[in-house]
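Structure, as structure tokens:
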């Protein structure tokens, strides 16, 4: 069994690298959004031309990023969504809803003090993790049946 | 033409009533989540039995609320998602993503200073409104072709 | 909001009547399989001609019952599956799997000592109830937001 | 033609190995659930943290196992479900219903004295086998057109 | 429960009337193709203009009839396909295949000496009947649970 | 049989009225886009606020009109697309492609000298008409089996 | 571009070999049903045990063959259905209907004197051919843009 | 991440080559319609036999081309549709609508003076480009996160 896993959400820490390096022995292909915050914000106007109105500046960029996100979620067997400590992260929750509607397996990764605010998102998930190591252990178990320790 | 419109998101102001009363002349059926915050939080344990662990207390409730939300979104022609000024409102963004993946028409309602944080959500929408009156004017135009004023 | 609810599973107690009478005030349409055990077993040969081999006797009947079950599950918003104390009830679990794959909201009704054996089925459900009254309270909450007591 | 075949159900005998060894000459990829009973029961708490309540202990595990099962059924061309002599095996019947709703080809494997209890499940199947050898002969015929003997 | 039943196939005997009159007490809506053979053959050119080539004469008509057939099959809960004694009736078998692919419940009606030639079609059906009365008895059982006699 | 028919395309002649009046005896519900050209062009800025850039002025309006079009096409059994003598009418061809991909029955209405330019669109259609009267005759035949004259 | 092409229908002439040899230069994978008539008729009882009733003898075999047919049609980009000079060939028409409902590209191959009887089937097709060479020329054009001669 | 990109629309300039050569470093597979105008117009009669009526001459060809187009759009992650300066290009708009209904990511390529006429098509797109270089920059960003310059 091989898994394609989309790592959605928070882009300011190295959690994707942690997961990828701990999962190096597993038959997993990881995908991710563009994690360069500035590029992600400005891609639309950089490629398609400047906008004087910030709203359309943002729209153009969000539309381009959506091409990648849509492809990645549709190709994924499992979507991992990480909610970090900062920012509103509505796009992370949007991705989780999008993935849930497509029937994807969903793993939510967040610190415990976000549990109440994320209860509807967690309820759609197959696993709620607090650490990248738990995400990797989940994937390892799903693929190999092996438990940690 | 008749529209079924699900009013998702913020539950602490009377925006749903505003929309419903202004749209009283339109051929629209509005649906909504349970908007009693306490009932919504505690429904699971009230019906299915107490939980000592807050996480499962929340899970039981979120699961029950999901029955209503899933039905309402699937039956909707248009999903309106309001982001208010307070709280993280991840369930609102989750609903937006869920509705987008099902191909529903999407109207996002928020104040302008949330525009950057909601850019991915707005990019999936057919209309971005700042007031309930704009939502109603949108529905009126869609149904009747009449413009405001 | 109106709900169509299919009551699947055990046919030797009056749990369907209990639910229907307690839910008489709700905007719900209940559907059910044929609950006359003898008719359900013999319908195939009674209508389409006798079979000497019990296997095909059963097959003919199961095929006819499947017309009703398929229609009822596909039309349902919520599928309630009751596991009783007796019999193997594999058709109940089959219906639960079928409904889950179609994305139906699922309520499982069983006594607590079946919980471990039903853990995979329960994990696909939005609510796990022990009594018909809990099923009705769940439907009442979903439809009206009102809690018991 | 190549077939992906998910071997669902009973985990206490070596029927999967029998099938795989007899089918070694065929262009088939077999998948299976985690067949280590203890790991399957405890994976949730082992990875995501202990639960004092057995119900949630079971839920966490069932949710993790569902990631693997969902992936395997969705990827399968054929789902073989074996009902053994012991246990209630509701998860096997659940898998059969899930696979049937997705339109998968279904082969049910059970001893003849379970035939009446499994009549609804058998009626959804393309083949009802009593031995692993019959399952392999079915796959061999489907792939190559060759009959036994 | 209400059923919409499409009566496909043979158009030279009054089997549709037989079924409708015997089922007058049932909550069923019957639909049918245009059963006026001449109109069905010539509708295309009568409405859209003459064709000198018989192939395109037929094509124009078949395309118009397909509008009705597609609508009727898609709206049906049950598709009954009757194979008569004469003609090749490939359109009947085509309808059966179309309905099967959409997951419709299928009832095949034919005399017993066609059984071998129709074995693949029958194998996709929930019931194989020899008389209109058996079709009605099947619908009556599905809707009411009552058996004949 | 009842048909819902979406009348897409050209908005500068009264062809929709012609069809509706000639089809007054038929069990058809007609839907249409907003046919007030000015309203259709300006709805976005009239409701959601002015734009200095014509591109976004148009975008806002097109998005609102898409809510109505999407709803109308998805609800339709038959989509009629009329190509008039003037303008590029790319939205008409877009609607035709959208409807075709959803498996809707398609009737294309255009003068004969557009036939070569529309050959790909016509090839996806069940009927190609030159006059509104032919569209009505088609719908009458589909619903009643009656031919003109 | 690569095409997977299922060659359905008549099994008593070597038309499949003709197509395969003429298409040897093309990037096509051909699939086919089991074309050994005796094996196809008897596979069910040969593998799963004898039946005294010819109806169930046929059913068991048809069910096994359906596993292969379903897989082949679902995997196909193009389904070619050949109607020969003999036999009723209802399974060929059934396959055509099944493929059409799944939105597959359809090529029908038959002699011209069957054209009227096959008009509904032909109307669902992208190409109607009279010779295997025309089927190959169609596939060659689709893949390479090259025309014959 | 790998992308399959269908390049639809205008066939009289070398824009496809421009895109392919500029994107030579990217993990993209490009597909296209048959771009030989004469072959595309005459393929039907060249392969399947002459027609005296131009309408059916065109129909036969359009049907063959549809096999390729349908396959290419269904396999595509991204559909790029170019509207050139000449011709009505209704097939380009048809492809855009078809792709939009299937949920494909859509990039529209046209000169700015077509913007108003294409506003409904543009509104369904993720990016509106004026040059092939912008299309390539969009694909490069989606695949690698790198911006131009």
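Distance between Cα centroids, segment B:36-54 to segment F:10-34: provide it in whole Å.
53 Å
Averaged over its residues, how many other protein chain Cβ atoms are within 10 Å of peptide D:101-113's Cβ atoms?
That average works out to 3.
For residue G:75 and residue G:50, calculate 0.36 nm times their separation in residues minus their Cα-Cα distance, and state this gained length in nm to one decimal.
In short, 5.8 nm is gained.
Checking the a/c ratio against 1.5 first, then a/b against b/c, what shape does the Cα gyration tensor give for the protein assembly as shown?
Rounded shape, in that the Cα axes give a/c under 1.5.
Rounded if a/c is under 1.5, else prolate if a/b beats b/c, else oblate: with a ≥ b ≥ c from the C-alpha gyration tensor eigenvalues square-rooted, which is segment A:83-139?
Oblate is the answer for segment A:83-139, as a/c is 1.5 or above yet b/c matches or exceeds a/b.
Between segment H:133-149 and segment D:100-149, what's the alpha-carbon centroid distance in Å?
Segment H:133-149 and segment D:100-149 have Cα centres spaced 51 Å from each other.
Please give the calculated 222 nm ellipticity per residue for the protein assembly as shown, where each DSSP H segment of at least 4 residues contributes -39500 (n - 2.57) and the sum is spread over every residue; nearest 500 deg cm²/dmol?
-15000 deg cm²/dmol
Compute the angle between helix G:37-48 and the longest alpha-carbon principal axis of chain G, please, reported from 0 to 90 degrees and rounded to the nearest 10.
40 degrees
Evaluate the relative contact order of segment C:17-95 (contact order divided by residue number), counting alpha-carbon pairs under 8 angstrom at least 6 apart; express in whole percent.
Averaging sequence separation for qualifying contacts and normalising by length gives 23 percent for segment C:17-95.
From other protein chains only, count the Cβ atoms within 10 Å of every residue's Cβ in F:141-149, then give the mean.
Per-residue shielding by partner chains comes out at 6.
How far is helix G:90-101 tilted off the main Cα axis of chain G, in degrees rounded to 10, range 0 to 90?
With both axes taken from Cα atoms, the answer is about 60 degrees.
State, as an integer percentage, the relative contact order of chain D based on alpha-carbon contacts under 8 Å between residues 6 or more apart.
Computed over chain D, the figure is 26 percent.
For the Cα atoms of chain F, what angle does the longest principal axis make with the long axis of helix F:132-144, in degrees from 0 to 90, nearest 10?
Around 60 degrees separate the two axes.
Quantify how strongly other chains surround peptide D:83-94 by giving the mean number of their Cβ atoms within 10 Å of each of its Cβ atoms.
The shielding value for this peptide is 6.
Would segment C:50-94 count as rounded, prolate or oblate if I go by the C-alpha gyration tensor, calling it rounded below 1.5 in a/c and otherwise prolate when a/b exceeds b/c, oblate otherwise?
oblate
As a check on your reading of the symmetry: which chain C residue has its Cβ nearest the axis that brings C onto H, and how far is it in Å?
In chain C, the Cβ lying nearest the symmetry axis toward H is C:103, 9.
Give the order of H:109, B:48 when sorted by the count of other beta carbons within 10 angstrom, beginning with the fewest.
B:48, H:109
Which of the peptides C:68-78, F:93-103 is most tightly packed, and how do the rest follow, judged by the mean count of other Cβ atoms within 10 Å per residue?
F:93-103, C:68-78
Considering Cα pairs under 8 angstrom that are at least six residues apart, work out the relative contact order of segment E:55-140 and quote it in whole percent.
24 percent
Computed from the coordinates by the stated procedures, all read-outs in this text should not be read as laboratory data. Nothing here was measured: the structure is a model prediction, and the numbers come from that model. Note that each Cβ is placed from the backbone with ideal geometry, even for glycine, and that neighbours are counted across all protein chains shown.
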